[in-house]
1. Take the range 12-63 and flag every residue that is of a type in the set (A, V, I, L, M) and at pLDDT below 85.
2. Being polar (S, T, N, Q) and in a helix (DSSP H, G or I) is the filter; apply it to the range 1-50 and report the residue that is surrounded by the fewest Cβ atoms within 10 Å (Cβ to Cβ).
Amino acid sequence: MGDVLSEIRQSVQNPITYALLVSAVCIATEVRTATTWRERLGHVFGPPGWPLAAKATAFTEVRSQP
């Protein structure tokens, strides 16, 4: 991912375009590493921090069971 970001940094002059492209690269990386369709769609359409919130909810549910 570092190579892609360095290429983007060299070719883009507008900081807003750079920020959008970096975000798109990060989302694409997360989608590529996801194992289920639910995770893939969550990375694309979910709120920021989506997988962290899902893991925290699962942890509290497991912990609350007797």
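1. The first filter runs over the range 12-63 and keeps only residues of a type in the set (A, V, I, L, M), leaving 12, 16, 19-22, 24-25, 27-28, 31, 34, 41, 44, 52-54, 56, 58, 62.
Selection gives Val12, Leu52, Ala53, Ala54, Ala56, Ala58, Val62.
2. Let us first name the residues in the range 1-50 that are polar (S, T, N, Q), namely 6, 10-11, 13-14, 17, 23, 29, 33, 35-36.
Within this subset, residues satisfying the condition of being in a helix (DSSP H, G or I) are 6, 10-11, 17, 23, 29, 33.
Values: Ser6: 10, Gln10: 8, Ser11: 10, Thr17: 12, Ser23: 10, Thr29: 13, Thr33: 10.
Selected residue: Gln10.
The values are calculated or read from the model by the stated rules, or taken from the named source; none is laboratory data. Remember, it's a predicted structure, so these values are computed and weren't measured experimentally. Cβ atoms come from the backbone with ideal geometry, glycine included; neighbour counts cover every protein chain shown.
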